[in-house]
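Sharing a structure below in structure tokens format, with a few things to ask.
The values are calculated or read from the model by the stated rules, or taken from the named source; none is laboratory data. Since we're looking at a predicted model, the values are computed, not measured. Neighbour counts are summed over all protein chains in view; Cβ atoms, including those assigned to glycine, are modelled from backbone coordinates with ideal geometry.
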Amino acid sequence: MNLISIKNMQKDYPMGLNKFTALKNITTNFSTGEFTGIVGPSGSGKTTLLNIIGSLDEQTKGEVEVLGYQIKRLNNKQASRLRSKHIGFIFQTYNLLPVYTVFENVEFPLLLLKELTSTKRKKMVEDALEWLGLTEKRDSRPSQLSGGQAQRVAIARAIVKKPQLVLADEPTANLDAENSHHILRSMLKLNKELKTTFIFATHDEKVIRYLRRKITLFDGEIAHDEKKEGKIK
């Protein structure tokens, strides 16, 4: 069974009396446990596709089914619930709350899940910090972190609820090569241990090297869809 199924999808944006078609003729599927990148030049539609998969936007035409839900049929509350329970997001700008500690930043998405007790939340946050090697930074503020540490906090926040799907938009754009590789190895480890599906929007060669599947967009259409064979080092 596919985790994500997209059929004949198109996304238009109004431009005065005309429209701009950001995505067209998109048909593809994603399975559980993928480590996949949506790549292509700026303006090719990478972030738009990622946002539609994450229910942050909706398509103009076609079908997009994510985790069994038809995205276009969800109201705002249902889409928010889908994101809060099942999808983690990682952005290039980290989006950490500056007045919160590392622990509090990672805990924040769990506060939306009212069924969790404080004891359960604490254990989940501690596990996420341990996975990302951040236990010693739990009481630090974002201003006290390096870029690599801040991005690891963002990843911990994305995976703390053990989502089925993590969407990462240019997650290494602000990092040097050493930090980028450390971050990507951490995500590969989580992909393997938690069976979490990772989908990246990127044009960073450092990320592309780690992908098991690469979907190339050009002018809003899928130009290539290739899977890599062998073990990623």
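Out of Ser31, Ser42, Ser55, which single residue is within 22 Å of Thr196 (Cβ to Cβ), among the polar types (S, T, N, Q) and surrounded by fewer than 20 Cβ atoms within 10 Å (Cβ to Cβ)?
Ser31 is the lone residue from the list that is within 22 Å of Thr196 (Cβ to Cβ), among the polar types (S, T, N, Q) and surrounded by fewer than 20 Cβ atoms within 10 Å (Cβ to Cβ).
Can you tell me how many residues within segment 141-151 are buried (at least 17 other Cβ atoms within 10 Å of the Cβ) and polar (S, T, N, Q)?
Looking only at that region, the number is 2.
Next question. Please list, ordered by first then second residue, the pairs with beta carbon atoms under 7 Å, 6 or more apart or interchain, first in segment 101-117 and closer than 9 Å to Arg157 by Cα, second part of a helix (DSSP H, G or I) and of a type in the set (S, T, N, Q).
Partner pairs satisfying both residue conditions: Pro109/Ser84.
Tell me the residue from Lys227, Lys214 that is without any contact (Cβ under 8 Å) to a residue 40 or more places away in the chain and basic (Lys, Arg), please.
After applying the criteria, what remains is Lys227.
Still on this structure, I have one more. As an exercise: evaluate Thr27 against (1) part of a strand (DSSP E or B); (2) over 23 Å from Ile183 (Cβ atoms); (3) under 14 Å from the mean Cα position of the chain (by Cα) and give the number of the one condition it does not meet.
(3)
Can you name every residue in segment 163-188 that is among the aliphatic types (A, V, I, L, M) and either assigned to a loop (DSSP other than H, G, I, E, B) or within 11 Å of Lys206 (Cβ to Cβ) (or both)?
Within segment 163-188, Ala173, Leu175, Ala177, Ile183, Leu184 meet the criteria.
Another question, then. For Leu67, only one of the following conditions fails: (1) under 26 Å from Asn25 (Cβ atoms); (2) in contact (Cβ under 8 Å) with a residue 60 or more places away in the chain; (3) loosely packed, with under 13 Cβ neighbours inside 10 Å. What is its number?
In the conditions (1) under 26 Å from Asn25 (Cβ atoms); (2) in contact (Cβ under 8 Å) with a residue 60 or more places away in the chain; (3) loosely packed, with under 13 Cβ neighbours inside 10 Å, Leu67 misses (3) alone.
Inspect segment 30-50 for any residue being over 30 Å from Lys189 (Cα atoms), in a strand (DSSP E or B) and modelled with pLDDT of 95 or more and give the result as yes or no.
Within segment 30-50, the first condition is being over 30 Å from Lys189 (Cα atoms), and the residues that meet it are 43.
Now drop any that are not in a strand (DSSP E or B), which leaves none.
For segment 30-50, residues over 30 Å from Lys189 (Cα atoms), in a strand (DSSP E or B) and modelled with pLDDT of 95 or more: absent.
Could you tell me which of the residues Ala22, Ala79 is surrounded by 14 or more Cβ atoms within 10 Å (Cβ to Cβ) and assigned to a strand (DSSP E or B)?
After applying the criteria, what remains is Ala22.
Sticking with this structure for a sec: Determine which single condition Glu178 fails, assuming it passes every other condition in (1) at pLDDT below 90; (2) surrounded by fewer than 19 Cβ atoms within 10 Å (Cβ to Cβ); (3) over 22 Å from Asn29 (Cβ atoms); (4) in contact with a Ser or Thr (Cβ under 7 Å, 6 or more places away or on another chain).
(4)
So which residues in segment 129-156 are in a helix (DSSP H, G or I), in contact (Cβ under 8 Å) with a residue 24 or more places away in the chain and in contact with a Leu (Cβ under 8 Å, 6 or more places away or on another chain)?
Residues satisfying the conditions are Trp131, Lys137, Pro142, Gly147, Gly148, Ala150, Gln151, Arg152, Val153, Ala154, Ile155, Ala156.
Which residues, counting only those in segment 106-128, are in a helix (DSSP H, G or I), in contact with a helix residue (DSSP H, G or I) (Cβ under 9 Å, 6 or more places away or on another chain) and within 22 Å of Arg83 (Cβ to Cβ)?
Residues of segment 106-128 in a helix (DSSP H, G or I): 106-112, 118-128.
After this cut, where a residue has to be in contact with a helix residue (DSSP H, G or I) (Cβ under 9 Å, 6 or more places away or on another chain) as well, the list is 106-112, 120-122, 124-126, 128.
Passing the criteria: Val106, Glu107, Phe108, Pro109, Leu110, Leu111, Leu112, Lys120, Arg121, Met124, Val125, Ala128.
Have a look at Tyr94, Tyr100 and point out the one that is closer than 21 Å to Ser186 by Cα and part of a loop (DSSP other than H, G, I, E, B). Write out each step before concluding.
Numbers: Tyr100 fails: closer than 21 Å to Ser186 by Cα.
Just a single option satisfies the conditions, and that option is Tyr94.
To continue, here is another question. Between Phe89, Phe200, which is under 15 Å from the mean Cα position of the chain (by Cα), modelled with pLDDT of 90 or more and surrounded by 23 or more Cβ atoms within 10 Å (Cβ to Cβ)?
Going through Phe89, Phe200 in turn, the sole match is Phe200.
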